[in-house]
Amino acid sequence: MVLTPVAFGIGGFSVQRFAPMSLVSATVQSQCPYCGVGCGLDLLPPGEAGKAVKRDADGNPMWSARGNRTHPSSLGQVCIKGATVGETLGRGRLSQPLYRASRSDAFQPISWDSAFDLLSEHIRSTLASKGANAIAMYGSGQFHTEDYYLAQKLLKGALGTNNFDANSRLCMSSAVAGYTRSLGSDGPPCCYEDLDHCSVAFLIGTNTAECHPVLFQRLLKRKKRDPKGLTIVVVDPRRTDTAKIADYHLALAPGTDLALLHALARLVLQDSGFDSDFIDNATDGFAGFTQTIQAWTPGKTSKFCGISEKDLRAVARLWSRQDNILSLWSMGVNQRREGTAVVGGLINLHLLTGQIGKPGAGPFSLTGQPNAMGGREAGGLAHLLPGYRLVTNAEHRSEVEKAWGFTPGSIAAQPGMDAWKQVEAMERGELDLWWVAATNPLVSMPNLERVKAAMQRCGLVVVSEAYADTETSHYAHLLLPAAQWSEKSGAMTNSERRVTFCPAFRPRHGESRPDWEVFAELGRRLGFIDQFSYSSAAEVYEEFTSLTENRVCDMSGLSHSLLQEHGPQQWPFFRGDESTTISKRLYEDRHFPTASGRARFQQDKPLGLAEPPCAAYPLVLTVGRYLGQWHTMTRTGKVERLNAMHPEPCLEMHPNDAERFGLEHNGMAAITSRRGTLTARVNVTDHIRPGSVFLPMHWGFTQAEACEANALMHDQACPISKQPELKASAVVVAPAVSVVKPEEQETGVLDNLRRLLTPALR
């Protein structure tokens, strides 16, 4: 391997970085770093097979990508984001550590050694003056499992604070809580092969066509191949591309999902469509559950949900009379004040009909981030420890302390601060260090102006990021350049519990380092030398998998070498297990990891929206994603083809509402909630129900077409999962008479950051 030094100047300094060139010359297999489907990719090096070397806008030679036909999760399929990922790897990167003591100061380059000195001194000072609870980290499903795991060991073990949370809190925490309450443990019991075997696909709160497109294509092909053998039900206020292929589209009013599920269960009971043997032998709480659902008659539910009673009864008959019912859900269920309750209501239907633990059946949550599942396995939420353990369980804490080599009592007994509590702690001036890694909360969090104001009150904000000029970086004191997917080796787990090894096939950009290496080095500098002495990511992964032995998520038989030799594997994968590439489902024996060994019916009563529409704010705003963009556009925003698909964010609204509020198609609208106002172009369409409007969530304030949709969203959350209700806020709309972007404040902060970083990107 040959690296070519390239000189450039930053703020008067002369620095060298290494231009990203091929680390290997052969095709590489990996997992796509975008959504939770976890598609397999073949990565082809620049100039492969004698072809001309393609370069991105910054002059970096580009790898190209195609679907890996041998990957069991995706079978060679890939969406446009995965197909263009090679165009994103070198552009707009953060190349070296940068620091400023105050946000009014200019960022200056510093060495990694100085950055570690600053961090370790600040942590020691905070521990001495305010205690461990004044330190918090906010991570991401973009982490490899090794990054996730060492972050837990550093914070929860070495520093004694459980204040690690991740953007999975905004994504999958309601699914985690729902699985745990109903089945006894996190962990989707299904696999993608169930799409090939189900007779009914019940999709609720998921626009699979745009958010998990490869799974959608698999379902669509199945429907075309066997139209009478598969019935598709879609529950969504919008007529999305997913809903267009449905046999039944229940365009229910926002916030009425749980009532719908209770009504379906009531009709199943009435139709004698329940599985009495399964209920008697494998569940608890049935009697109380039947009392809870009695109030939801078909007539009442039809009016409450805004759907026809005929469709309600037809869908209930599917649950009563069809075998192999597979339900799939995502953010539309999870991002709700009653997200955990809705997950419980959906699982209730599977318990009622015995539709779990067999081919083509079960409740299947579709994760948003590529390694959100791996993060859950590694303990990457404020109430978790590795191996699906809980910080409140003394036995669990003791097991982990012993494995980590820390003294008894090192791990705090109380859950740490979840993501929003971390923001509230900053508001109160109680957080002395907030470390954000591999995510961009100043686009993805709710109530963004409140988050920005809170960050201004934190003593030290650290951002570990692969890319320069993210929204969150503008509010940081210390920026640490992160080696990303393609530049570091590690494992990721997708939605069907399948683990894929992701190799390093490109050199690290500039001075960037893998997150796990940063956490390990800091641990050693804080005095925990034995606990953080690792020679490779493989060694970190081996330690992690040993902690999963005899747990529901047992991966004790997995290693980097096995995954490289045999390819992606589903867990459970026990130590000594030689079976490979065989789909496995959980709970096939009808035994659940609860104290009684039985699953539990839930009895939650519908609450509706946390912020319902009213006279002043008569519409419900929901947010979501576009097919061609990913999360906060940090990566996909650098691809011209993807930007051309969605050149700007548009407000989707029904013709009746457009007429009511005086708006025209392609005109500009001002959208106002209790938290602020923004503008967007109007797309008038009957693909959304009256009373609801939709905005994409991708665009932040650094984008040319800035539209901070989440700035309008409230921060009220599910009391169980702590997941914010990002899917519904009350708004009012009006024609935007003039659209004038305010001038940047004369702090020089944004201009300085861009000035400092721009030369590094050329």
Least to most buried among Asp469, Asp147, Asp194, by other C-beta atoms within 10 Å and fewest first, runs Asp469, Asp194, Asp147
Provide the percentage of antiparallel DSSP beta bridges, counting only those with both residues in the stretch 619-735; round to the nearest 5. 65
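For the stretch 619-735, what percent of Cα pairs sit more than 18 Å apart?
Considering the stretch 619-735, 50 percent of its Cα-Cα pairs are separated by more than 18 Å.
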Quick one: which of 412-418, 394-400, 375-381 comes out on top by average Cβ neighbours within 10 Å, and what's the full order, highest first? 375-381, 412-418, 394-400
Run the simple label-point estimate for Asp196 and Arg674 please: 7 Å along Cα→C-beta, distance reported in nm. 5.0
Relative packing of 236-243, 439-446, which averages over residues the other C-beta atoms within 10 Å, highest first: 439-446, 236-243
Give the label of the value calculated from the structure for P(r) over Cα pairs in 20 Å bins from 0, in percent, choosing from [x] 15, 45, 33, 7, 0; [y] 17, 53, 29, 2; [z] 14, 41, 32, 11, 2, 0. [y]
Table column - 3J(HN,Hα) (Hz), the stretch 187-197, Karplus curve with 6.51, -1.76, 1.60, x for Gly and Pro: x, x, x, 9, 9, 5, 4, 5, 5, 8, 10
Report the gain in length on full extension from Glu430 to Asp277: 0.36 nm times residue separation, minus Cα-Cα distance, nm rounded to one decimal. 49.7 nm
Label-point separation (nm) for Glu588 and Glu659, each offset 7 Å from Cα along Cα-to-Cβ? 5.7
With the Cα gyration tensor of the stretch 173-365 giving a ≥ b ≥ c as the square roots of its eigenvalues, does the rule (a/c under 1.5 for rounded; else a/b larger than b/c for prolate; else oblate) give rounded, prolate or oblate? rounded
What is the dipole size for the stretch 28-94, taken about its Cα centre, with +1 at each Lys and Arg Cβ and -1 at each Asp and Glu Cβ, in debye to the nearest 20? 60
Separation of the stretch 472-539 and the stretch 76-95 by C-alpha centroid, Å? 19
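Return the calculated 222 nm mean residue ellipticity for the chain, to the nearest 500 deg cm²/dmol, obtained by summing -39500 (n - 2.57) across DSSP H runs with n ≥ 4 and dividing by the residue count. Don't skip to the answer; put the middle values down first.
Numbers: 25 runs with 218 residues, N = 762.
It comes out at -8000 deg cm²/dmol, rounded to the nearest 500.
Can you bin the stretch 402-521 into rounded, prolate or oblate? Criterion: square roots of the alpha carbon gyration tensor eigenvalues sorted a ≥ b ≥ c, rounded for a/c under 1.5, prolate for a/b above b/c, oblate for the rest.
It is oblate, given that a/c is not under 1.5 and a/b is not larger than b/c.
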In which sequence would Cys190, Cys614, Cys458, Cys39 go, from the one with the fewest C-beta neighbours within 10 Å to the one with the most? Cys614, Cys458, Cys190, Cys39
Each label point is 7 Å from the Cα along the Cα-to-Cβ direction; what then is the distance between the points at Arg55 and Glu539, in nm? 3.9
Fewest-first ranking of Glu465, Glu487, Glu565, Glu648, using other Cβ atoms within 10 Å as the exposure measure: Glu565, Glu648, Glu487, Glu465
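Determine the percent antiparallel among the DSSP beta bridges restricted to the stretch 173-365, to the nearest 5.
That works out to approximately 0 percent antiparallel.
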Antiparallel DSSP beta bridges within the chain, as percent of all bridges there, nearest 5: 50
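Per 0.36 nm of contour for each residue apart, how much would the distance between Ser596 and Ile529 grow if the chain were fully extended, relative to their Cα-Cα spacing?
Length difference between fully extended and current span is 19.9 nm.
FYI, it's all coordinate maths here, none of it is from the lab. All figures in this text were calculated on a predicted structure; none of them were measured in a lab. Cβ atoms come from the backbone with ideal geometry, glycine included; neighbour counts cover every protein chain shown.
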